[in-house]
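The values are calculated or read from the model by the stated rules, or taken from the named source; none is laboratory data. Just so we're clear, the structure is a prediction, and the values are computed from it rather than from any experiment. Cβ atoms come from the backbone with ideal geometry, glycine included; neighbour counts cover every protein chain shown. Only protein heavy atoms, including side chains, enter the accessible area calculation; ligands, DNA and RNA are left aside. Shrake-Rupley method; radii C 1.70, N 1.55, O 1.52, S 1.80 Å.
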Amino acid sequence: MRKFKFFHRIDQFLLRHYPGIWALQIHRLLPWALIIIAFTGLLVYAQSPQSYSGNQMEIFISWLYFFAVVGLVLWLVYMFRFNPIKNFGKRPPMDELQNLGITFMGIVLLATAPQIFFVARNIRMHTFISEPELAQNLNKINIVLSMNHSLETDSAMIRASDTNRRKYYLDDPTNTKYMDSVYFDKKDSIWHCYDLNHFKNYEIYYGDKENNEVLTGKEIYYVLQGLKTRKDTLRILQDFSVAAERIGGVKLNPETMYRYLIKGIFPANSIPDYRLSLVESTFDDYIREFKSNLNYQLKYFTIYEGLRWNEILRFILYPSFFITLLILMFRNMTLKTFLISIGIGPLLPLVVFLTGLAFGVHGEEGFFAVVLLTYIIIWLIYYSCRNSARFASISGIALNILVFVTPVIGLFFEAWWEQNYRHGIPYELQDHAFLDRVRLTVELVEIPVFLILLQLVFKPLYIRWYSMPRE
Amino acid sequence: MQRVDRINLKIGVLIPERFEISSMVQQRIQEISSWLKHGDYDLARRRLLDLVYDTDQKEWLMETILWSKEFQEAKNLDNWLQHAKEILERCNGFQQHDNTKKSDVFLIQSEGISKTYFNGFFSLKPIAVHLQPGEIIGVVGENGNGKTTLLRSIAGQLESGIKPSNFSYLKGDEFFFYDLKYSTGFIPQRIPRWYGKLRDNLHFTAATHGLKGAQNDLMVDFVLERFGLSKFANLKWTQISSGYRTRFEIARLILQRPPVLILDEPLANLDIIAQQTLLQDLRFIARSTRHPMGVLLTSQQLFEVEKVADRVLFIQKGIGKYNDTSVTEGFHVFEIETTASREQLESALGENATRIRYNGGIFEIEAAGDEQKCLELLVNQKLPVHYFRNITHSAKRYF
């Protein structure tokens, strides 16, 4: 009861002192979201890694998504009940940025709740196994599997030419870097190991790259499901390491792999055929089956997902940011204009395409030019209609589109530049690390630029637009 | 009755002889004392709250609010009245600055507010609006003739060519319309729904208009108590009647302390007593010495509005005229409800009646003589008169 009084006091304090923050109702959302996230995180963290896979966990995550959506809807309902902007109240100098930040925080909280499964699992992995240790061993495993495929398919997909690099990766116990890609050229019998530690972005190029047979770090899944006991598990891992040495000439420690298994790095989704074949047939049969099913196996091979924090963050942050922008528009717009904007937004690519056709443009550069032209035209539409009550809806829609598009204009130009940079350079010779750095820099720069624009340009335009006579 | 008598005895103590009617404050104190003396406690309570509010003394106001709350539960009225006396005495010695006495100040000054809708189906011809602090302009007319259009135009809801220079209390920057809506209280005919507790809504409005912390609490308590809404404060919108919704909306606007208050048909949902009370309150609030307001209101309750309005604007087919503009010397206009026929009336009034018009069950008579003469003629002919009213200076004669 005392706790509820505490929350009530906070509520009333905000109501009387900070009505803008109170109207966002973040103080109602925050405790519940944190409790659910903490509870879910602990629950997942406490689970055995074996239970990370399977239908139950998927159902669990689905429910989390469901509750997050319900929470979002409830929050929006409460948030839209009070709006100092639409009440023509006093507007503190930084209120728009403050509202944007708080709304964004709330959306991120709700978006994080379903992702807490992955977050908890990664934290658990990091707790048990250090990244350098993991890097070394994963490199080994991936090379083995890639080589194995090369032998099996008799193709020349895995190229290698740099013995030193191979040595660097495989034989140096102090190496803690991750390979970006591994190629082995059967004809040359030389390793190519590209050290691109830039992004912790791990990929095995497996199969024909042209046919998109590429495994990425996102495909973190299951090799050895059904290995219930340590004895069984170690036996199969032992067999695997022997096979790996025979095929790839690389020694793998079964104990290390077992640790991966139990700590959740290989949250095993079983390939029960292997176990059965191992029990019922000879080791050679197993190896044969291992090879024949390598495609399938590799599809589910786990590469350490914990290396992809930034991708998880992007997955949460970008959708959250755009939902936040929608809420910002809604709070500054009439319902009618907001809904029309939402309806027209998806038509924008069509407008760009038709504009391109009208100008007869070709190629990527032409496309980028048309997008830029469309952006400028929308600005012109806004400025020509901004003083007219009759065309208030049009100026409102244009304003909304500008607010939605402006934050990604930087990335748009980066993509344009990247296309030019990549042109004519083979993929493996491109400096992916550099490109990633540029992209990240653009992402990081355009956020403060947009916030400044919001404060200095868009906020005054919204104030002006909403207070204009409507008829 | 016993209770009133008992109070009357006490009132003798309440009004010290040294109270001289030499200023607006003292006049109000005298009024309040008189109401208390005659048992009009509710009216006295409201006016005393107004009086103390005008002193701008927070502690006094807090004390008066508590005093007002005591009224509902007071078992011992002697103490309550004694407390009232103390408050009145304190106010008596307080020098108030009277902001209503600036006769040359106009809140709104426009020679011609006009509006034509996009589809052209209705056009409001230019209407001059000059509104001073403390002044009430009543806008009357039949439905669909432009009353709401005029009010919405002034409130900045319709594109009508109003300019920053028309409003003395506004700046002329690019946020003119936002400032106009921030500074002008407007109650539409259909009040938008409130969500959540009514009290929270009031706190919210007060806070968004710059009243923070303890001041916020004080002012919310004040308006709740002033409009008799305290017992409804923790209810929700759907739990109160439409009459109370209007009162809550007015209370909310008072928290914004707007220089101009615009009300579109505020009496529509109110019973007869509530209408009288509201109009009286508007009169009092508009003439606050601390925050005088100009008030524009529309209503179909013509006579009630005329009682409180300084001027009445009649709008017909988009053309407006004020009631003080076209009175013909020596002629009077009367409304008579009678079972007598037109011929009988003509016979009774003779040449005194220049025009007799039958309008909705009531005869409207233009006559050369005053009301005493007209009534005398009717009574002499023994014609039954159920209702008689002189509307010479009323906008009613334009209908």
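Take the Cβ atoms of residue B:171 and residue B:123, set R0 to 25 Å, and the FRET efficiency comes out at 0.25.
Helical runs assigned H by DSSP (4 residues or longer) give chain B a calculated mean residue ellipticity at 222 nm of -13500 deg cm²/dmol, each run adding -39500 (n - 2.57) before division by the residue total.
About its Cα centre, what dipole magnitude does chain B give when the only charges are +1 on Lys and Arg Cβ and -1 on Asp and Glu Cβ, stated in debye to the nearest 20?
It comes to approximately 1000 debye.
Shown for the range A:73-87: residues covered by the partner protein chains by 10 Å² or more of accessible area relative to the chain by itself (probe radius 1.4 Å), namely A:81, A:82, A:84, A:87. Filter the cross-link list A:336/B:317; A:459/B:115; A:90/A:459; B:115/B:147 down to pairs whose alpha-carbon distance in this structure exceeds 20 Å. Over 20 Å apart, Cα to Cα: A:336/B:317; A:459/B:115. For chain B, taking Cα atoms only, Rg and Dmax work out to 23.8, 72 Å respectively. The mean number of Cβ atoms from other chains found within 10 Å of a Cβ in peptide B:212-225 is 1, as a whole number.
Between residue A:21 and residue A:58, what is the FRET efficiency for a Förster distance of 35 Å, r being their Cβ-Cβ separation, to the nearest 0.05? Efficiency for this residue pair is about 0.40.
How much of the DSSP beta bridge set in the range B:108-322 is antiparallel, as a percent to the nearest 5?
Among the beta bridges of the range B:108-322, antiparallel pairing accounts for roughly 40 percent.
The H on the amide N of residue B:122, modeled in the peptide plane, is under 5 Å from the matching H of B:117, each at least 5 residues off or on a different chain. Size of the range B:332-398: Rg and Dmax of its alpha carbons, in Å, are 10.5, 30.
Take the Cβ-Cβ distance between residue A:97 and residue A:4 as r, set R0 to 35 Å, and report the resulting FRET efficiency rounded to the nearest 0.05.
Numbers: r = 32 Å, r/R0 = 0.90.
The computed FRET efficiency comes out at 0.65.
Could you rank the peptides B:193-205, B:360-372, A:455-467 by their average count of other C-beta atoms within 10 Å per residue, with the highest value first?
Values: B:193-205: 20.1, B:360-372: 15.2, A:455-467: 18.2.
By packing density, highest mean first, the sequence is B:193-205, A:455-467, B:360-372.
Protein heavy-atom accessible surface, 1.4 Å probe, per residue over the range A:333-471: 52 Å².
Nearest 100 Å² is fine: how much accessible area is buried between A and B, summed over both sides, with a 1.4 Å probe?
That pair of chains buries around 2700 Å² in total.
The convex hull built on the alpha-carbon positions of the range A:360-399 has an orientation-averaged projected area of 3.1 nm².
The distance between label points at residue A:420 and residue B:142 comes to 7.2 nm (points 7 Å beyond Cα on the Cα→Cβ vector).
Share of pairwise Cα-Cα distances greater than 19 Å in the range B:255-360 is 61 percent (whole percent). Expressed in Å, the radius of gyration and Dmax of the Cα atoms of the range A:333-471 are 17.9, 61.
On the protein heavy atoms, probe 1.4 angstrom, tell me the percent of accessible surface of the range B:108-322 carried by carbon and sulfur.
That fraction is 48 percent.
Per-residue mean of foreign Cβ neighbours for B:176-183 is 5 (Cβ atoms of other chains, 10 Å radius). Mind checking which of B:386, B:367, B:398 is farthest towards the positive end of the range B:332-398's charge dipole, using Cβ charges of +1 (Lys, Arg) and -1 (Asp, Glu) about the Cα centre? Positive-end residue among those listed: B:398.
Roughly how crowded by other chains is peptide B:194-204, in terms of the mean Cβ count from those chains within 10 Å of each of its Cβ atoms?
Neighbouring Cβ atoms belonging to other protein chains average 3 per residue here.
A dipole drawn for the range B:108-322 from +1 and -1 charges on Cβ atoms has a positive end, and of B:318, B:208, B:120 the residue lying farthest that way is B:208.
Would you list B:221, B:104, A:11 from the most to the least accessible area, probe 1.4 Å? Provide the component values of the computation, followed by the final result.
Values: B:221 40, B:104 120, A:11 10 Å².
Largest to smallest exposure gives the sequence B:104, B:221, A:11.
Approximating the spin labels as points 7 Å out from Cα along Cα→Cβ, the residue B:393-to-residue A:452 distance works out to 6.6 nm.
Would you mind working out the accessible area per residue for the range B:254-399, using a 1.4 Å probe, and quoting it in Å²?
Details: 6740 Å² over 146 residues.
Roughly 46 Å² per residue, with all protein chains present.
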